[in-house]
Every structure is written in structure tokens, then in C-alpha cells.
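Enquirer: Sharing a structure with you now.
The values are calculated or read from the model by the stated rules, or taken from the named source; none is laboratory data. Given the structure is predicted, the values throughout are model-derived calculations rather than measurements. Here the Cβ is made from the backbone with ideal geometry for all residues, glycine too, and neighbour counts use every protein chain on show. The area values use the complete protein model at the heavy-atom level, side chains included, leaving out ligands, DNA and RNA. Shrake-Rupley method; radii C 1.70, N 1.55, O 1.52, S 1.80 Å.
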Amino acid sequence: MRAPIVRFALVSCAMLVVGAVRTHAAPPPPVEASAHDLPWDDGTAIEITWRAPESATNIAGYRVYRLLSTEEQKRALRDRRVAAADVAWKAAYESNTSASDRIELATAAATAAAERAGAEGMPDEVAVGTAAANALRYVAAPVESGRAIAFRVRSFDADGNESPAAEAGSAAATIEIFLGTRAWFFPLLIGLCAIIIGCILLARAGRPIKVRRIAGLDAIDEAVGRATEMGRPVLYIAGVQDMDNVQTVAGVTILGRVAKIAAEYDAKIEVPTARSLVMTAARDVVQTAYFEAGRHDAYNPDTIRYITDEQFGYVAYVAGRMVREKPATCIYMGQFYAESLLLSENGNAINAIQIAGTAESSQLPFFVAACDYTLIGEEFFAASAYLAGEPTQLGSLFGQDVSKLIAMVVIVAGVILSTLGGLGLSMPKAASDYLANSILAS
Amino acid sequence: MMDGSSPTHTDPASKPAIDPDRIRWILATDCGSTTTKAILIEKVGNEYRQTQRGEAPTTVEEPFADVTVGVVNALTEIGELAGRRFIDDAGNIIRPATETEGCDIYISTSSAGGGLQMMVAGVVAQMTAASAKRAALGAGAIVMDTIAANDKRKPHEQIQRIRELRPDMVLISGGTDGGNTHQVIQIAELIAPAKPRPRFGGEYHLPIIFAGNRDAAPRIREIFRDGFDLAVVDNLRPVLEQENLGPARDKIHDVFLEHVMAHAPGYDKLISWADAPIMPTPGAVGDILQRIAERDRINAVGVDIGGATTDVFSVFGGVFNRTVSANLGMSYSISNVCAEATMPKVLRWVHLDMDERELRNRVKNKMIRPTTIPQTLEALVFEQAVSREALRLAYLQHKEFATTLKGVQQQRTVGDLFAQGSASHSIVDNMKLDLLVASGGVLSHAPRMEQTAAMLIDAFEPEGFTTLAKDSIFMMPHLGVLASVHPRAAMEVFERDCLILLGTCIAAKGHGRPGKPCFAYRFTPSVGAALAGEMHVGDLKLIRLTEGQTAEAEIVPDRHFDVGAGPGKPVRRTIRGGTVGIILDARGRPLELPEDRADCRARMTRWVADLELYP
């Protein structure tokens, strides 16, 4: 009976000894740790690097610590005391439910706990992150720009045992002129600009640039002509947004062309606006158009009016005007919402030729169904170059189209690479990751 | 019978009605600027045939200053040829016909003295002014200028232009009914003070036809009260969706007869002789083409290429259009053709090696000696090359003019989002063209019929199945007027004597690489063995099928080519033969010739051989 007991005791002791040895065999610390400012960044990151210790086999990773300043240490100690006091107070208060002096008891317990916590000393570091065993680099971000911060690195094993600290020194993050993570942006920008400038130069040199016929813009002459023959006005709506909206700007640009034709044909043009600034801009544009047409005497600013900012108040006015005046031509160019169908249906009911243009995709179906011609998105923005026919604008338009074509090719290439990567091919996956994370992320 | 020495102004409409069944002898003249052409139509058996023709110089100008002198001379020549007397001793046409002399009907057209010259005006150039131009051209006029509110000219420039012109009449349009009055009146106020001077006589009151907004009519009457002869007719565009050319065209014919012709030397007598109103020559050509297209339910194009101008007529879907290309012709305007088309474009049709400098000299010589005709093969080839370009440019202008109405509201659905076509487009569609009729010296008098066919095909680029024909002796004007008094006689003569059928052109629309398959064909003629084969891109082939013969044709195009039923879809049709036969054209449409001169010459040489164009 004694022999098994003794054997059990010996085995147990051996296991305890082995366990104790394993517990205390911390991995060696990393070597040549250093902290320095991360180059080509916006001044919010510090890079910490190190080397793996030689003959280290049990390292599971590295933990990076930031050294706290005195103020930070005090703040941390205070936070620790408050947290300990809170816990103790709450425990004492809840365990002495029947005592009449439970508050005093809880307060005494909290005070004691805070003193105990304070007695443990002030922490001088805080962990900021970990890195894998094969990663010998860590970027601490975000950090306060311009302040020197010290770091230390410890390796740890699979049981969480940490090595002694390897001091990495301190470094201050500084703002660089160029952001390295967006390095691809630079060649892309140069490339696209070169394409556009090249196209402009080609156009200026007399190289013919063919622009697809846009029926809606070609029909402007016809629409104004109809109004002239019928002796009725042309109604022009430049959207319901203000001049800070790019669609309104495009709408006002096209207004210039319409006004010039109206001036040449001696047709009346009416421009009710939903924003006062749009009215001012529209008056300028129309006046210029009348001057260009040599009909400055026919320009009447009173036909360009501000109605109201209220969406439906504006619509009510325009719809009423349509029904009463029965314009022969209604042109809608700008940003529209719910009023798109309300206006164009009214125009259809009075048998007006209607031309609409908007980049608001949700309103396009309504315009297409109710109008004679509709400019879709890009057509709308290309209108000024199309109408002017001026080489610089046409070259720019062509250059932008070439750039879009390149973007489309990149998208298609990305889809193909990603698909191949998904099928398990490593090269395409690496290429698609690089494309997505490095080139396009910029 | 009228006494020629004391002519009376008899309205042809007031003459006794003609019984078509009793008509046996018909005389018709066309008084051109230089030549008066007369034809005799006889009832032979139970059908009408054109039997004789005669010509004499036109005598509108001094020393005769009487158009009827030329008419009498031409009719006398016909009488001698027919062995029948048509002119009595007093110089008048003998009517009614007896067994030995005289005729039952006499009709005439006229383009002497430059034809009917008009100025038209409208509010918007592409709308009411275009309608006014269509009405005038359709009535057979030459439109000297079009005044419009948006013609980019200042009012003083417009007035200057109106004063410079000497039109026979003015057609004013503008505004829909109930529409614009302000600018219509403005146009009238430009014309009235400008006082355009008519061509004939100081006492002549210039005829003005107003076919615009009816609300403006009272004010228009006030403006043209003194010194003008105003006629108000229905609006050409009562609404923008509708074009109403009939009343204006009829009024133009009336005014032409009552005012213009009545003031031209000898025309009062000619009017009194004629059994139908004298029509402007092009108007009569248009009329007969319309009648044929309407009767056979076909689309037709007619072309008359002259020395100074080229007229193109078309009827598509029952809509008639006519254009006059004023600077495209084969003698007076040949230099302009070469300038407009450019010499390299002309030379692409020439298979011989020619020196460009020498050709330029040839062009200028033709200009200063317009009546000369080619004496060498080289000269003939070059002239026919120029004619191809003149015809091509004239047809291009015609296509641009013959459009659907502008300013018309469209109805669309969401499905049209990416397919919004322009509302206004040319109604001339070569794939739907059934009959192409040629007239004019260079086409009618080409030494070989194959040359006429080749010129038509190269210039007009017909697609699918197209019957080619030529007006044998420019008889269409006579028949146009005759159709108004005796339609049966006009149609019978048109079918049997007027048109010389050249054959049928079968051309595939599309493009492909030279040498690749274009279409396969199989012909089963009414007489003889069937014939089948395959055409490759760039090929041209002539298959003889004589006049009067027909053949069942089956064409199976490659998927890139269309012969009428859509790309790659086969077509079966009965086709007619002619003096040339069937021409299979696999050169593709639109026709593109190599830029390189050597390549182009090589290809043309092959095509010339394929069609047996030149010796």
C-alpha cells in the first residue's frame, strides 16, 4: 500500500518541478529595438522595429508598450484607485444590506481598497499592440504629432510569458509633405492629366474630335423654333438646387445656349428659379447670350424671376404658369426630385416639346417617359463642350472619356484577377490585393 | 380654232371637256431655254404610243420674241416626219383632228427664260420657310433665296437681297394658325418697302402668295395693298405637325399661268392653244413621277442632270420632294462640281492614268464651250466621272432637304432611354427605293447603257433591289401635263416609250473585308436556265437579262450584309431585265473606294471590265 503512495508523491513532485521550470522559462527579449517616425505619413504614427533574438524558438509574438510620462502615470494611478474603490464600495454596500451604517462600512472599504491599489505603485507603461512572431515591425498610431514618445518591446510565448523589455527609445511623429500611402495617386494624376492635356493639344492642332450626336441638344434649335412659330414662350427650369450644385451649374451653362437661340429667333424665354442666386446667375448668362446674338435690346430681366425656395411652392407656381401660358417648349436642366414628373406631365399635357437633362438617376425614367428628349448623366455634363464645339473643350471632353475608358479597363482587369484569385491562383490574388489595397486605396 | 393673229386669253379650264375615248392624236411640247421639244402621241390599235419627235430652237428672245414660233417649227417638223399636217397656213394648230390632219389635244410645259423663279420667306428657316421652299420647288420653281427670321442676316441685308432679286413671284409663309403674327408681319414689312422688281415689264404687279398664319392675313392685305398682286391661301403649316402644300402649289401654278406666262413673249397665244394649263417643266416631271409611284405603290427617285443645274425628284411613302442643285451641272457648272467634290474625289472614278493638270484644262474648256461633247475615250471617262460626283452631291443635298417635319412633339417610353433618335430625319431611304429614273444629256446620251447604269449606281448607291431606267428622250414633262387631261395615254406612253429599262441593281448594304463572302444568288429566268453563284466583298457582276424578261431572284446575304430583309436574311423577289440586265453589287454600302490612287485605279479597272463599260 505504501509503495503506490510513494510513487504517486514522487510523480507529483516531478510534475510540479517541471511545471515550475516551464512557468519561469520566459522567452528572450528582442534585440536592436528602435522607434522612429514613420516616413511619408501625416504625422500620426511611429514605427517600432526590432530583430528576433538568436536561437529563440518559443516566441509567439511581440508586445509593444508605450512608456507613460509622469502625468500619464499619475492619471493612470488615479484611475486605478478610483476603479478599486468603486468595486469595493459596491461590494460592501451590497453585502451589508441589514446594517444601519452600511454607507459608512462601504466608504471605509472603498478607502481601504484605494489605499491598497495606490500602494501597488504607479504603472510606467501601457500596451499599444502586438505583432506576430515573424513581424519585426509595429506601427503605433494614432499618436500625438510632434511629441517624443518612448516605446519598449517584449516577446511572449504561447503561455503568455513575457520576456524582459527591450527599450526602443523615443521618437516624435512629424508631418511629411507627401503621404506615402497615396503614392500611386501621383503617377495616376500625372497620367490622367497628361492624357487630357494631350487630347486638348491634339484638338487645338486641328485633329478632328468626333462627338456622338446627342439628340436632346440637337433638338434645342428645333424646340425654340417651335416656340417661335407658335408665338409662345420657352420655359427653362435650371433645377431646384442652388449654385453650389454642379447640376445647376451645368443647367445654367446650357441656358446660355438656349437664350442665344431664343435671341436669334426673337422668341420669348422665361426662367423661373427656385433659388435667388440661380436667378442672378441666369440673368447674367441670358444677358450675355442676348449680347452675343446682337439682340441686347430684346433682353428683359423680368422674365427671369425668383419664385420660392419651397420645393412644392415652386412647382405649384411653374405648373400654374404652364397651364395658363402654354409654353411651346419646356426645358428642364439641373437637379430634380419629386417635381420631375409633376412638371414634365404638365408640359406633356399642353403639347410642349420637352427636353430634360439630369444626373439624378432616380428621376431619369420619369423624364424619359414624359419628355421628347432626355440628356442622361454624362451627356448633361458634356453639353457645354458639345454645344460650343470649341477645340479646347472638345479635347478636354475626349481626354476625360479616354481616362474613363482606362478606369473601365482597370475595373475589368480587377474583376478578372479577383475571380482568378478566388479560384486559388496565388499570383492573380496577390495582384488583385495590390491593386485594391495599394493602387486603388490611394 | 383660235386665230393666231389675234390671240385671246382663253382659260384652258373653260374649254369643252375632252372625251378620252375619242382622242387619237396628241401633240405635246416642252419649251426649254434653248430648245423646244415636241412629241406626237398616236393611238395605235388600242394603245397610245409615242411615234414622232421634233425639235426647234426656242424663240422667246429677240429677234422673234414669240415662243409660238419655235413651237410651230417643232410641230411642223413632226408633221413632216409623220406625213400629217398639224399647222395651218395661218400658223395655228389644226384642231380637232380629221383623218388627214390636225390633233385632238395639244399640251405644253415651259422652262424658257429660266423657268419659274421664286423667292420664299418664312419665320424659322427649318420650319415654315422650309415648307415654303418645298411648296415652290414642288410646283417646279427655282428658289432664288429664302428669307427667314433666323437666316443670320440683318434686316438691311435682307432688304438689299430682296431688291437685288427679280423673282416672278414671292411665297410668304410663317406662324401656325393662331401662332406667331409679329414676325410674319415683320417679314411682309421687309418685302413691301423693298419693292422687288419683277422680270417682266414695269407695269407688272409682282404676285405675292401668302400661305401663313391666318390671323396675320388682314394685316398682310394692308401691307401689300398697293403695287402687289396678293393672293391668300391656306396656311402651309396650320399646325407644326402637319404640312399642307397643296393649296400653295395650286396657287403657284395659277399665278404662273395668269401672271408670269401672260407677260412672257408669245405665251398668251400658247396658253390659248393649250388644252391643259401650261406647267413649269420640273413641276410636270414631278407630277408624272408622283402618279407612277402612287399607281404602282413604289418609292421612286428621278434625276435630271443639266448643264447648269441638277434636279432630283423623289417620292417616298407618297411624299413628294424636289430639289434643284443650282451649281451642279455638266457644262456651265462643271467647274463648281470639281471644286465642291475636289479633284481626287472625281479621279477615283477614273480607271485610266490621267494628268490632273490636263483635266483641269478640260474642265475650263467645257465651261467656256458648254455644248461640246467628248471626242475621245479619255474625255468620256472623265466626263462620266464628273457626272458621278455631280449626281452624288445633288442627291446628298436632296436627302438633307427631304426630311420629316421639324418642330414636332415626340412620344417616348422608358425603353427609349438609350435610343433617342432625332425627330427629324431624311425620308429618302435607298433600301426602300424601287425605281431610279435618269434623264439629262450625260445619262441619256451615254454611248453604252451600261455606262448610264454604272453612273446611277455609283452616284446614288441604291441598296437592295432597285430597277434602273432612263427617260429616252426627256418625255416626262410632256407626260406630266398629259396625265392631267388623259391619264391613260400618259401612263401607256410612259410604260412603253418613255422609260428605257436598264435592268435591276441588287446591292448589299454593309461592310466586310475584300474577298469574304457577301451574298449568294440564284436566278430563275422566265426563259432559259437557272443561274446561281456567290458574290464576294468588292465584286461587281453583270448578268444579261433582256428587256421584257423577268426572273425569280433569291439572294442570301452573309450575316454582315442586308439586302432588304435585315442582316443575313434571305430575300426572294421577281426582278425585271433591261437593256443592261442584272447588276450584282457586292462592294458594300456606303460605298468606299481606296484612298491610294494606284489601288483605286486597279479596283476601278476591274469594275469597268466586270460591267463592260468601255471598249
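Enquirer: Based only on the alpha carbon positions, what is the Kirkwood hydrodynamic radius of the range A:215-388, in angstrom?
Expert: Details: mean 1/r = 0.0650 Å⁻¹.
Final number for the Kirkwood radius of the range A:215-388 is 15.4 Å.
Enquirer: Here is a follow-up. Could you tell me the distance between the Cα centroids of the range A:76-134 and the range B:452-489, to the nearest Å?
Expert: 112
Enquirer: Return the aspartates and glutamates within reach of B:K432: Cα separation strictly under 18 angstrom, same-chain partners fewer than 8 residues apart disregarded; answer none if there are no such residues.
Expert: Those aspartates and glutamates meeting the cut-off are B:E294, B:D296, B:E400, B:D458, B:E461, B:E463, B:E554, B:D562, B:D585.
Enquirer: Normalised by the number of residues in chain B, what is the relative contact order in percent for Cα pairs under 8 Å and 6+ residues apart? List each step's numbers first, then the result.
Expert: On the way: 1382 pairs, mean separation 68.1, N = 615.
Relative contact order of chain B: 11 percent.
Enquirer: Still on this structure, I have one more. Based on alpha-carbon atoms only, what is the radius of gyration of the range A:160-297 relative to the globular estimate 2.2 N^0.38 Å?
Expert: 1.89
Enquirer: What fraction of the Cα pairs in the range B:435-568, stated in percent, has a spacing above 24 angstrom?
Expert: Tail of the P(r) past 24 Å holds 41 percent of the pairs.
Enquirer: Same structure, new question: In the protein assembly as shown, if the dipole is taken from +1 on Lys/Arg beta carbons and -1 on Asp/Glu beta carbons about the Cα centre, which of B:P238, A:T70, B:L40 is farthest to the positive end?
Expert: Checking the options against the dipole of the protein assembly as shown, the answer is A:T70.
Enquirer: Okay, next question. Tell me, what is the per residue accessible area of the range B:435-534 in Å², probe radius 1.4 Å?
Expert: 30
Enquirer: Give me the base-10 log of I(q)/I(0) for the range B:127-217 at each q in 0.13, 0.15, 0.25 Å⁻¹, Debye formula, one uniform scatterer per Cα, rounded to two decimals.
Expert: Here the Debye-derived log intensity ratios amount to -0.42, -0.56, -1.48.
Enquirer: Next up: To check my understanding: the extent here is largest minus smallest coordinate of the Cα atoms along each principal axis. What are those three numbers for the range B:563-615, in Å, largest first?
Expert: Reported extents, whole Å, longest axis first: 38, 29, 11.
Enquirer: Nothing charged except the Cβ atoms of Lys and Arg (+1) and of Asp and Glu (-1): what's the magnitude of the dipole of the protein assembly as shown about its Cα centre? Round to the nearest 20 debye.
Expert: 1680
Enquirer: Could you tell me the center-to-center distance, by alpha carbons, between the range A:336-408 and the range A:228-276 in angstrom?
Expert: Comparing the Cα centres of the range A:336-408 and the range A:228-276, I get a distance of 14 Å.
Enquirer: Search the structure for amide H atoms under 5 Å from the amide H of B:E463, placed 1.01 Å from N in the peptide plane, and list their residues when 5 or more places away or on another chain.
Expert: Long-range HN contacts for B:E463: B:M431, B:L433.
Enquirer: Next up: What are the ³J(HN,Hα) values, in whole Hz, obtained from phi via the Karplus relation 6.51 cos²θ - 1.76 cosθ + 1.60 with θ = phi - 60°, for each residue of the range A:346-358 in sequence order, with x given for Gly and Pro?
Expert: Karplus-based 3J(HN,Hα) across the range A:346-358 equals 4, x, 5, 5, 9, 6, 8, 6, 10, 10, 10, x, 7 Hz.
Enquirer: Kirkwood Rh, the range B:17-112, all Cα pairs: how many Å?
Expert: Kirkwood hydrodynamic radius for the range B:17-112: 13.5 Å.
Enquirer: Taking only Cα atoms of the range B:359-490, what ratio of Rg to Rh do you get with Rh as the Kirkwood inverse-distance radius?
Expert: Details: Rg = 19.9 Å, Rh = 18.1 Å.
Rg/Rh for the range B:359-490 comes to 1.10.
Enquirer: Over 25 Å between C-alpha atoms is what I'm after, so list which of A:K326/B:K154; B:K133/B:K195; B:K269/B:K470; B:K364/B:K470 land there.
Expert: Details: A:K326/B:K154 30 Å; B:K133/B:K195 21 Å; B:K269/B:K470 33 Å; B:K364/B:K470 28 Å.
Too far apart for the 25 Å limit: A:K326/B:K154; B:K269/B:K470; B:K364/B:K470.
Enquirer: Further question on the same structure: Roughly how big is the B-A contact, given as buried accessible area in Å² (both sides, 1.4 Å probe, nearest 100)?
Expert: By this definition, chains B and A bury close to 2300 Å².
Enquirer: Using θ = phi - 60° and the Karplus relation 6.51 cos²θ - 1.76 cosθ + 1.60, list the HN-Hα couplings for the range A:99-106 in order, rounded to whole Hz, with x at every Gly or Pro.
Expert: Per-residue couplings from phi come out as 6, 6, 9, 5, 5, 5, 4, 5 Hz.
Enquirer: Per residue, what volume in Å³ does the Cα convex hull of the range B:115-273 take up? Can you show the working numbers first?
Expert: Details: hull volume 15.6 nm³, N = 159.
Spelled out: Cα convex hull of the range B:115-273, divided by residues, is 98 Å³.
Enquirer: A further question on this structure: What is the Cα radius of gyration of the range A:101-199 over 2.2 N^0.38 Å, N being its residue count?
Expert: Working: Rg = 25.0 Å, N = 99, 2.2 N^0.38 = 12.6 Å.
That works out to 1.98 for the range A:101-199.
Enquirer: Let me ask something additional. Peptide A:218-227: average number of partner chain Cβ atoms within 10 Å per residue?
Expert: Numbers: counts 3, 7, 0, 6, 11, 4, 3, 12, 9, 4.
Mean number of neighbouring Cβ atoms from other chains: 6.
Enquirer: Ok, one more. Which of the residues in the range A:229-247 show a loss of at least 50 Å² in accessible area from their chain by itself to the complete set of protein chains, at a probe of 1.4 Å?
Expert: Buried-area filter returns A:E229.
Enquirer: Take the alpha carbon atoms of the protein assembly as shown, find their radius of gyration, then divide it by 2.2 N^0.38 Å using N residues; give the quotient. Walk me through the numbers on the way to the answer.
Expert: Values: Rg = 45.2 Å, N = 1057, 2.2 N^0.38 = 31.0 Å.
Rounded to two decimals, the normalised Rg is 1.46.
Enquirer: Okay, next question. Per residue, how much accessible area does the range B:17-112 show when a 1.4 Å probe rolls over the protein heavy atoms, in square angstrom? Each step should come with its number before you reach the end.
Expert: Values: 4210 Å² over 96 residues.
Accessible area per residue: 44 Å².
Enquirer: Let me know the whole percent of all Cα-Cα pairs from the range B:246-350 that are separated by more than 16 Å.
Expert: Working: 3777 of 5460 pairs.
I get 69 percent for the Cα pairs in the range B:246-350 exceeding 16 Å.
Enquirer: Turning to a different aspect of this structure: In sequence order, what are the phi-derived ³J(HN,Hα) couplings for the range A:405-419 according to the Karplus relation 6.51 cos²θ - 1.76 cosθ + 1.60 with θ = phi - 60°, rounded to whole Hz, with x for glycine and proline?
Expert: 5, 4, 4, 5, 5, 5, 4, 5, 4, x, 5, 5, 4, 5, 5
Enquirer: In whole percent, what relative contact order does the range A:215-388 give with Cα contacts below 8 Å and a gap of six or more residues? Each step should come with its number before you reach the end.
Expert: Numbers: 344 pairs, mean separation 46.5, N = 174.
Reported as a whole number, the value is 27 percent.
Enquirer: Please compute, for peptide B:236-248, the average count of beta-carbon atoms on other protein chains lying within 10 Å of each residue's beta-carbon. Please report the intermediate quantities before stating the final value.
Expert: Values: counts 0, 2, 0, 3, 8, 1, 0, 0, 0, 0, 0, 0, 0.
Per-residue shielding by partner chains comes out at 1.
Enquirer: List the aspartates and glutamates whose Cα sits under 12 Å from the Cα of A:K260, skipping any in the same chain fewer than 8 residues away.
Expert: List returned: A:D221, A:E292.
Enquirer: Let me know the charge dipole size of chain B about its Cα centre in debye, to the nearest 20, where only the beta-carbon of Lys, Arg (+1) and Asp, Glu (-1) is charged.
Expert: Values: 68 positive and 77 negative charges, 317 e Å.
Once rounded to the nearest 20, the dipole reads 1520 debye.
Enquirer: While we're on this one: Calculate what fraction, in whole %, of the accessible area of the range A:98-229 sits on carbon and sulfur atoms when a 1.4 Å probe is rolled over the protein chains. Walk me through the intermediate numbers first.
Expert: Details: 4640 of 7600 Å².
For the range A:98-229, the apolar C and S fraction of the accessible surface comes to 61 percent.
Enquirer: Also, quick follow-up: What part of the accessible area of chain B, given as a whole %, is carbon or sulfur when the probe is 1.4 angstrom? Walk me through the numbers before you get to the answer.
Expert: Working: 12320 of 24850 Å².
Answer for chain B is 50 percent, counting heavy atoms of protein chains only.
Enquirer: Now a separate question. Put simply, what bits of the range B:405-451 lose 40 Å² or more of accessible area when the other protein chains are there, versus the chain on its own (1.4 Å probe)?
Expert: B:G407, B:Q409, B:R412, B:V414, B:L417, B:Q420
Enquirer: Continuing with this model, one more query. Around B:H536, which amide H atoms from residues at least 5 apart in sequence, or from another chain, sit under 5 Å from its own amide H, with H modelled in the peptide plane?
Expert: Residues meeting the criterion, in which the H sits 1.01 Å from N, are B:C518.
Enquirer: Mind jotting down the three principal axis lengths of chain A based on Cα atoms? Whole angstrom, largest first.
Expert: 123, 69, 51
Enquirer: Shifting gears a bit: Cα extents of the range A:76-144 along the three principal axes, largest first, in whole Å?
Expert: Projected onto its principal axes, the Cα set of the range A:76-144 covers 60, 22, 20 Å.
Enquirer: Kirkwood-based Rg over Rh for the range A:27-178 (C-alpha set), two decimals?
Expert: Numbers: Rg = 20.7 Å, Rh = 17.8 Å.
Expressed as Rg/Rh, it is 1.16.
Enquirer: Once the Cα atoms of chain B are picked out, what are the Rg and Dmax in Å?
Expert: That works out to 25.4, 77 Å for Rg and Dmax.
Enquirer: At a threshold of 8 angstrom on Cα-Cα distance, excluding pairs fewer than six apart, so keeping six or more, what relative contact order does chain A reach in percent? Mind showing how you got there, number by number?
Expert: Numbers: 761 pairs, mean separation 67.6, N = 442.
Taking the mean separation of contacting Cα pairs over the length of chain A, I get 15 percent.
Enquirer: Still on this structure: Check B:L116: other-chain or 5+ apart residues with amide H under 5 Å from its amide H, H built from backbone geometry?
Expert: B:I142
Enquirer: Using a loss threshold of 20 Å², tell me which positions in the range A:366-396 are less accessible in the complex than in their chain alone. Probe radius 1.4 Å, ligands and nucleic acids ignored.
Expert: A:V368, A:A369, A:D372, A:Y373, A:T374, A:I376
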